[in-house]
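Enquirer: One structure is given below, represented as structure tokens, and several questions about it will come after.
The values are calculated or read from the model by the stated rules, or taken from the named source; none is laboratory data. Because the structure is predicted, anything quoted here is derived from the model rather than measured. FYI the Cβ positions are ideal-geometry reconstructions off the backbone, even for glycines, and counts take in every protein chain you see. The accessibility values were calculated without ligands, DNA or RNA, using every heavy atom of the protein model including side chains. Shrake-Rupley method; radii C 1.70, N 1.55, O 1.52, S 1.80 Å.
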Amino acid sequence: SSTQYRELIMTAQQNTEPVPHAAAKIYENDNPAGKPIPQAVLVYHESAHSIVFRDHLRRQQTAIRRTSSQMESSTQGGTVAQSPDQLLRKQDSQLVTESTHGPSQAPSTILEEVSESDVGYESGGSRGSTHSARSGGESSSVTSGGSGSRHYRRVKSGLTKTMTQKKISPPVMQPVVIANFQPVIEPLGALDLNSSNLFEPLLDADPLKEDCRLEMSDAESEVVELLKNEQAVVKTIRNADWTAFFQKFKPSEEGGTGTHEHHPSHQKRKDSDTKKSEIEYPFNSFVTSTSLLPSCAKKMRCFGSTNEYAVGVIFALPAAFPGDTSEDVAAKRTRTWSWPSGYSAKTEFNIDHHGNLINGREEALVPLSGMRKMNHSYLHDKDYFVGGRMVKGGLTTIPYNEIYIRVGGLGRITGETEVATGKRCADADGSGRSFDHGIGLPVALFVREADYGHLVRLLRTRARYSTIFGSDAARGIPLLFMTPESGVRVFTEKLQHQVLKVMAWDLNPFQNPSLAHRTGIDSTSEPHLQQKLEELIDLDDDKMKQVLTPEEMARIAGGFGATDESVANLLNQAMQQDFLEDKDKGRIDSGHNMQDLVNEGLAFALRANDYHTSRQLLILYTLVASKRRNSESSPLLGVDEGYQSDTSKASSSSKQWRDAEKNIEKEGNKEMHLFRDERKLGKNYIPPPPPPPPLDTDRLRSATNSDGLLAVLGAAQVLRAMQDGSAKRRVKESIDSIEEWIDNGEQSVAFRVASWRDQRAAQGDLKIAMENDSNFMAFISNKAISNRKKFAKQLRDAAAVTNFDSLKFLQAIHGVVSQMNSPCLRLELLQYILGLDNRYSVAHVTRSVELAATCLNLSENEVFNNDETKPLGLS
């Protein structure tokens with residue numbers, strides 16, 4: 001029966017279909033069962049004619065009917081039937097294949113179930129088709145015989161094994177090669193390491209060892225000495241609280257969140273000294289809870305879990321006291337409170353409105369000298385007090401203690417000098433740290449896990465420190481790894497370079513986990529995006545450039561994020577190299593350094609599923625490429641005939657483009673500014689730059705299902721189609737094919753019905769990204785004809801007014817897409833014209849076209865003067 005037949009077909013598909021790669025499985029976030037989503041099928045159309053007339057379906061049916069007629073004639077005529085192997089080899093020699101293949105797409109097979117009632121070239125039985133997946137050069141097919149028997153055939157390396165349920169006539173269904181067809185998403189191969197792998201060299205970076213001490217900077221040696229002598233306090237910060245913590249240091253007039261914060265006991269006081277200190281100190285000061293660890297940070301754990309409180313800060317204590325007694329007096333006078341290990345002070349809930357401690361908190365206070373004696377006991381005694389109780393035999397790890405102290409006021413101080421300004425800040429003469437006005441900015445950052453996930457988070461936190469307090473304040477800030485078991489380990493500059501090397505070659509890139517789902521293309525939160533921008537790594541360090549190659553820096557920029565300035569300078573240097581290599585035409589690989597860097601960066605952005613870094617790379621690539629085109633009209637050559645770059649202009653452009661986009665989004669009509677009319681010709685008219693040199697993103701598009709990455713990679717493909725002339729050729733080809741279909745459709749209703757059946761078959765078998773299934777009544781009536789006439793006219797008008805390499809072309813395409821309600825054929829033709837695959841829906845095409853227009857808009861404004869750039873905010 002037909003039901004049994006369908007069940008048998010489904011069973012055969014399950015048995016013969018290869019299992020997709022584990023990395024290729026995609027799961028729905030809201031599906032508790034974790035059921036995999038069906039893989040996308042990628043189709044790059046071979047020609048406009050094949051889209052309009054479904055030539056591939058016609059070839060399938062022709063081949064199938066030819067096979068059926070051959071078998072009928074061989075059996076009815078009394079001749080000896082050929083073996084299945086002989087028939088397959090003979091049929092394979094007769095199959096029609098296309099000589100043209102889509103970019104990076106190998107041809108695969110598609111199989112059709114044959115219905116005896118099939119007539120003409122429409123595919124009546126296409127719903128039962130199955131797709132073969134590339135797996136080690138192996139393809140599988142399910143075949144059916146005319147008398148109800150079922151055969152399963154697996155073909156591998158020319159060898160055929162037939163599994164027959166009943167010995168009956170040979171099969172009638174054979175594989176037909178379809179050009180430009182890839183069954184499933186094929187992800188990029190996974191790298192060797194992930195965020196949970198340990199960076200083992202850091203475990204051996206003991207600052208007490210001679211080899212490590214020689215590699216340490218003066219700032220690192222100073223912080224290690226402070227921790228050894230218990231002259232520093234530490235604070236771990238919740239991952240989600242870093243923005244609020246950093247903003248507390250900044251004065252309100254500089255974008256901070258407040259003014260000088262008084263101690264709770266001083267909030268009612270009004271004295272002139274407080275106002276004076278507020279003016280003299282560059283940063284706000286405030287009181288917060290910290291911990292005083294035992295010598296070398298051993299034995300005692302810090303507050304919070306290592307995942308939720310991944311990174312912490314270290315503050316240096318004032319060093320102006322000749323003995324512990326004077327320090328205790330100053331701490332008591334300024335109400336710098338401290339409680340022993342294991343005591344939960346909860347100061348935020350145990351201070352009254354007069355600033356006094358309540359609920360027994362004052363009675364539990366211990367002076368700083370007493371805290372150090374307890375820490376010494378934890379390290380060297382067998383029995384000691386923890387939380388007011390004697391612990392016999394001691395503990396492996398001691399709970400944290402608490403010191404309520406004022407931080408901020410001054411900047412980061414190293415060696416009695418403020419790092420950012422070079423100003424002398426000595427504790428002894430009162431110009432340095434103090435309990436009264438604050439102990440300055442953090443002097444170091446630390447993590448408590450040595451895996452790559454925490455180390456990358458540490459590098460990103462340093463980048464935020466640099467963004468908020470300035471690159472001078474963050475220069476050379478020590479990075480540490482601390483655990484109760486091993487104490488302090490120094491993440492020296494040499495080890496940082498090793499990690500960066502691993503990040504560029506062996507580590508699967510990843511976004512900040514707390515930001516990844518809040519910075520997507522459809523759900524971008526402004527505060528989280530701001531944090532993402534603050535965490536971008538600066539690759540412009542001279543020592544870093546000596547260690548990392550441009551290719552490695554591009555990978556880090558795409559996978560982990562880098563500042564706009566450093567990426568622009570990286571591409572600008574590659575452009576200089578291209579300029580010099582272009583003078584030597586004998587070199588095969590000349591002139592592609594910048595494109596290669598961008599492709600490397602986009603590949604790592606795809607691995608990290610990072611929409612924003614991929615978008616940043618494409619926009620900056622377009623901007624830098626436009627500068628090269630502008631320089632070719634008036635080359636910047638020096639005496640030595642070398643290419644002279646303008647790094648300052650590149651950095652300025654990289655800073656401005658984000659502001660330009662914000663200004664566009666603030667305007668009432670975004671399309672009006674994206675697709676504005678070109679400037680009128682004048683005396684000083686400079687023609688807008690063409691699209692940048694093409695980027696080959698075909699393999700990357702076939703490796704992702706992310707909407708954001710498809711938009712970016714689609715925009716790169718749109719710019720490529722404009723630059724290499726393929727869009728112009730395909731538009732003309734599409735117009736001719738549509739007009740041919742219209743001529744045939746106006747003469748025959750049967751032709752239109754057959755066309756409808758073919759289109760429905762294509763939607764089912766090739767999974768074309770249609771908004772809705774084709775409407776049968778649209779083909780019976782004249783609606784399909786009128787829609788296609790209108791579409792052909794739109795394409796013809798676009799071809800008449802544009803050179804296909806400017807905003808005019810994108811404006812025409814955007815106008816066509818914006819008028820589509822339920823497109824089928826028209827959407828396929830747009831995919832073909834722009835070189836996109838079948839997954840690009842109307843929304844995807846719109847995003848890609850708008851991003852391509854943004855790139856051209858920004859690059860066009862690079863060649864105009866400041867007055868003309870004001871509408872885009874580039875002045």
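Enquirer: Of the residues W756, W741, which single one is modelled with pLDDT of 90 or more and touching a helix residue (DSSP H, G or I) at 6+ places or on another chain (Cβ under 7 Å)? Give the derivation first.
Expert: Values: W756 fails: modelled with pLDDT of 90 or more.
Going through W756, W741 in turn, just one is modelled with pLDDT of 90 or more and touching a helix residue (DSSP H, G or I) at 6+ places or on another chain (Cβ under 7 Å): W741.
One line per residue, one yes/no per condition, for (1) closer than 23 Å to V816 by Cβ; (2) buried (at least 24 other Cβ atoms within 10 Å of the Cβ):
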{"site": "R701", "(1), (2)": "yes, yes"}
{"site": "S706", "(1), (2)": "no, no"}
{"site": "A716", "(1), (2)": "yes, yes"}
{"site": "L719", "(1), (2)": "yes, yes"}
{"site": "R729", "(1), (2)": "yes, no"}
{"site": "E733", "(1), (2)": "yes, no"}
{"site": "W741", "(1), (2)": "yes, no"}
{"site": "A754", "(1), (2)": "no, no"}
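Enquirer: Looking only at the range 296-304, decide whether some residue is open to solvent by less than 10 Å² (accessible area, probe 1.4 Å) and assigned to a helix (DSSP H, G or I).
Expert: Yes - at least one qualifying residue is present in the range 296-304.
Enquirer: How many residues does the range 512-540 hold that are in contact with a strand residue (DSSP E or B) (Cβ under 9 Å, 6 or more places away or on another chain), open to solvent by 40 Å² or more (accessible area, probe 1.4 Å) and touching a residue at least 40 places away in the same chain (Cβ under 8 Å)?
Expert: 1
Enquirer: Take the residues in the range 384-404 that are in contact with a Ser or Thr (Cβ under 6 Å, 6 or more places away or on another chain), over 22 Å from G323 (Cβ atoms) and of a type in the set (A, V, I, L, M), then tell me which one is most open to solvent (accessible area, probe 1.4 Å).
Expert: V386
Per-residue answers, yes or no, for (1) open to solvent by 40 Å² or more (accessible area, probe 1.4 Å); (2) touching a Cys at 6+ places or on another chain (Cβ under 8 Å); (3) modelled with pLDDT under 85; (4) of a type outside the set (A, V, I, L, M):
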site: V176; (1), (2), (3), (4): no, no, yes, no
site: F181; (1), (2), (3), (4): no, no, yes, yes
site: V184; (1), (2), (3), (4): yes, no, yes, no
site: S196; (1), (2), (3), (4): yes, no, no, yes
site: P201; (1), (2), (3), (4): yes, no, no, yes
site: C212; (1), (2), (3), (4): no, no, no, yes
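Enquirer: From the residues in the range 367-411 that are of a type in the set (G, A, S) and in a loop (DSSP other than H, G, I, E, B), which one is farthest from S291 (Cα to Cα)?
Expert: Restricting to residues being of a type in the set (G, A, S) and in a loop (DSSP other than H, G, I, E, B), the top hit is G393.
Enquirer: What do you reckon, is S221 part of a helix (DSSP H, G or I), open to solvent by less than 50 Å² (accessible area, probe 1.4 Å) and at pLDDT below 65?
Expert: When the stated conditions are applied, S221 does not pass them.
Enquirer: Applying the selection to the range 457-494, what residues are over 18 Å from Q530 (Cα atoms) and assigned to a helix (DSSP H, G or I)?
Expert: Of all residues in the range 457-494, those over 18 Å from Q530 (Cα atoms) come to 472-494.
Across the range 457-494, the qualifying residues are D472, A473, A474, E493, K494.
Enquirer: Restricting the search to the range 798-825, which residues are open to solvent by 20 Å² or more (accessible area, probe 1.4 Å) and under 19 Å from D736 (Cα atoms)?
Expert: Listed by number, the residues that qualify are A799, A800, V801, N803, A812.
Enquirer: What pairs come out if I take residues in the range 779-806 that are farther than 30 Å from S859 by Cα and pair them with residues that are open to solvent by less than 30 Å² (accessible area, probe 1.4 Å) and not hydrophobic (A, V, I, L, M, F, W, C) whose C-beta lies under 7 Å away, six or more apart or interchain?
Expert: F779/R752; F779/S755; A784/R752; I785/G745
Enquirer: Turning to a different aspect of this structure: For residues in the range 859-875 being surrounded by 20 or more Cβ atoms within 10 Å (Cβ to Cβ) and touching a Ser or Thr at 6+ places or on another chain (Cβ under 7 Å), which is modelled with the highest pLDDT?
Expert: So the residue we want is S859.
Enquirer: If you go through the range 765-775 one residue at a time, do you hit one that is modelled with pLDDT under 90 and part of a helix (DSSP H, G or I)?
Expert: Taking every residue of the range 765-775 in turn, at least one turns out to be modelled with pLDDT under 90 and part of a helix (DSSP H, G or I).
Enquirer: Is it the case that L795 is open to solvent by less than 10 Å² (accessible area, probe 1.4 Å), in contact with an Asp or Glu (Cβ under 8 Å, 6 or more places away or on another chain) and closer than 15 Å to S734 by Cα?
Expert: no
Every residue, every condition in (1) open to solvent by less than 20 Å² (accessible area, probe 1.4 Å); (2) under 24 Å from F303 (Cβ atoms), yes or no:
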| site | (1), (2) |
| --- | --- |
| K382 | no, no |
| E418 | yes, no |
| C425 | yes, no |
| S431 | no, no |
| V443 | yes, yes |
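Enquirer: Continuing with this model, one more query. Can you tell me which residue among V407, V447, V456 is open to solvent by less than 10 Å² (accessible area, probe 1.4 Å) and farther than 21 Å from A205 by Cα?
Expert: Result: V407 is the single residue among V407, V447, V456 that is open to solvent by less than 10 Å² (accessible area, probe 1.4 Å) and farther than 21 Å from A205 by Cα.
Enquirer: Inspect the range 334-342 for any residue being at pLDDT below 95 and over 47 Å from the mean Cα position of the chain (by Cα) and give the result as yes or no.
Expert: Yes.
Enquirer: Scan the range 582-610 for residues that are modelled with pLDDT of 90 or more, open to solvent by 40 Å² or more (accessible area, probe 1.4 Å) and not polar (S, T, N, Q) and report the count.
Expert: Residues in the range 582-610 being modelled with pLDDT of 90 or more, open to solvent by 40 Å² or more (accessible area, probe 1.4 Å) and not polar (S, T, N, Q): 3 in total.
Enquirer: For the range 232-254, indicate whether the set of residues that are buried (at least 17 other Cβ atoms within 10 Å of the Cβ) and either touching a His at 6+ places or on another chain (Cβ under 8 Å) or modelled with pLDDT under 55 (or both) is non-empty.
Expert: no
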